[in-house]
Amino acid sequence: MQKVGQVGVERSIWINAPRKRVWQAILQPDQLAQWFMPPALGAQMKRDDKGMLFVSMGGMDIPVAVTEVVRELHQLISRSVPDMLLTTTYTLEDEKGGTRLTVTMSGFEALPEKAAQERLNPSSAGWEKALNNLKAYIDGAELPFPEGYVASLYGYRRESKEAFAVERSIWIDAPRERVWQAITDPKQLQQWYSPTTPWLLSALEVGGKFYIYNVETETEIYTEVIELLDPPHQLVKRLVAKPPETPHVIAWRLAEENGGTRVTITNSGYELESDSTRHPNMEQNAFGFGMMLENLKAYNEGKALPNPYGF
């Protein structure tokens, strides 16, 4: 059963198991990982004593949500990090000798209208698949959707007829001009993005290039060409890619909010990828961009980087 409102998503499923069993599967990190995470990522999940849920992979613990028990065995809420904009509520009810689990996502109304609408379909479809995975897991059956849909479940995935994108956002306690310098000054970019690798910039203008110089090959690598420059509001860069790589576009948007700056990064171009690579790349990049924004926030606020080795 599904409901998709203008600014929210609701999905529901009946599971042939008591509430306590379903509750364990959505609350305990080791069980949650079994149906929630794509096995191909080789990731685990854990929760600290403050309710922060982490995905552990590649030697890193990546924060993804803050969880809170509203009513034991009945209702649980989860808020996506780092922006805390979207809230997922799990509600469990006894029904016909089993359990009716309803999942609702709210908070889309805080996003720009287009961004909110482009999140609804992937989030709705993602939860449909996730809940069927949960049912299969509890039934002891093979997962029908082993690829997982974490990016869409947390509202990080945008889809339209023309484009597929991953989008992450964070609020930073710093003026917009300060944050703008951090993403456009190569020396500052190195401080929070790649502490051990210097970046170069040919010119801060449309057509200018950010890149890393490879001394061994005497060539530019990871080249990003500026396509739009509107300081201190928007920066759009296109990644120069060599086949079979895809020329993704990264758009930075900075907006004043609550005395600080709301930074939104949108990575598009996944529609150009093959079906076999699009999904796992979107899943992994959704985590990566979140970690990157955490570093940017810490740098601008004068705090230690949560990911000191960069990306």
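The values are calculated or read from the model by the stated rules, or taken from the named source; none is laboratory data. On a predicted model such as this, the values are computed, not experimentally measured, just so you know. Counting neighbours? That spans all protein chains shown, and the Cβs are built from the backbone with ideal geometry, glycine included. The area values use the complete protein model at the heavy-atom level, side chains included, leaving out ligands, DNA and RNA. Shrake-Rupley method; radii C 1.70, N 1.55, O 1.52, S 1.80 Å.
Could you check the stretch 29-44 and list, in sequence order, the residues that are within 23 Å of Gly97 (Cβ to Cβ) and either of a type in the set (Ser, Thr, Tyr) or open to solvent by 10 Å² or more (accessible area, probe 1.4 Å) (or both)?
Across the stretch 29-44, the qualifying residue is only Gln31.
Sort out which residues of the stretch 221-245 are without any contact (Cβ under 8 Å) to a residue 40 or more places away in the chain, touching a strand residue (DSSP E or B) at 6+ places or on another chain (Cβ under 8 Å) and open to solvent by less than 60 Å² (accessible area, probe 1.4 Å), and write them in order of number.
Scanning the stretch 221-245 gives Ile221, Thr223, Glu224, Val225, Ile226, Leu229, Gln234, Val236, Lys237, Leu239.
Which residues, counting only those in the stretch 155-180, are of a type in the set (S, T, N, Q) and surrounded by 16 or more Cβ atoms within 10 Å (Cβ to Cβ)?
Ser169
If you scan the stretch 132-154, which residues turn out to be closer than 16 Å to Val55 by Cα, open to solvent by less than 30 Å² (accessible area, probe 1.4 Å) and touching a strand residue (DSSP E or B) at 6+ places or on another chain (Cβ under 9 Å)? Can you show your working first?
Pass one, the stretch 132-154, residues closer than 16 Å to Val55 by Cα: 147-154.
Right, trim to open to solvent by less than 30 Å² (accessible area, probe 1.4 Å) and you get 148, 150-154.
Matches in the stretch 132-154: Val150, Ala151, Ser152, Leu153, Tyr154.
Here is a list: Ile170, Ile212. Which entry is over 20 Å from the mean Cα position of the chain (by Cα), of a type in the set (A, V, I, L, M) and within 26 Å of Glu273 (Cβ to Cβ)?
Answer to the selection: Ile212.
Kindly check whether there is at least one residue in the stretch 45-62 that is open to solvent by less than 20 Å² (accessible area, probe 1.4 Å) and touching a Leu at 6+ places or on another chain (Cβ under 7 Å).
As a first pass, look at the stretch 45-62 and keep what is open to solvent by less than 20 Å² (accessible area, probe 1.4 Å): 45, 51, 53, 55, 62.
After this cut, where a residue has to be touching a Leu at 6+ places or on another chain (Cβ under 7 Å) as well, the list is 45.
Taking every residue of the stretch 45-62 in turn, at least one turns out to be open to solvent by less than 20 Å² (accessible area, probe 1.4 Å) and touching a Leu at 6+ places or on another chain (Cβ under 7 Å).
Name, by its number, the condition in (1) out of contact with any strand residue (DSSP E or B) (no Cβ under 7 Å at 6 or more places or on another chain); (2) assigned to a strand (DSSP E or B); (3) closer than 15 Å to Phe287 by Cβ that does not hold for Asp94.
Checking Asp94 against (1) out of contact with any strand residue (DSSP E or B) (no Cβ under 7 Å at 6 or more places or on another chain); (2) assigned to a strand (DSSP E or B); (3) closer than 15 Å to Phe287 by Cβ, the one that fails is (3).
Quick one: in the stretch 250-301, of everything that is open to solvent by less than 40 Å² (accessible area, probe 1.4 Å) and among the hydroxyl-bearing types (Ser, Thr, Tyr), which residue is modelled with the lowest pLDDT?
Tyr270
Working carefully through the options Trp14, Trp23, find the one that is at pLDDT 95 or above, open to solvent by less than 60 Å² (accessible area, probe 1.4 Å), farther than 25 Å from Pro280 by Cβ and of a type outside the set (Val, Ile, Thr).
After ruling out the rest, the residue left standing is Trp23.
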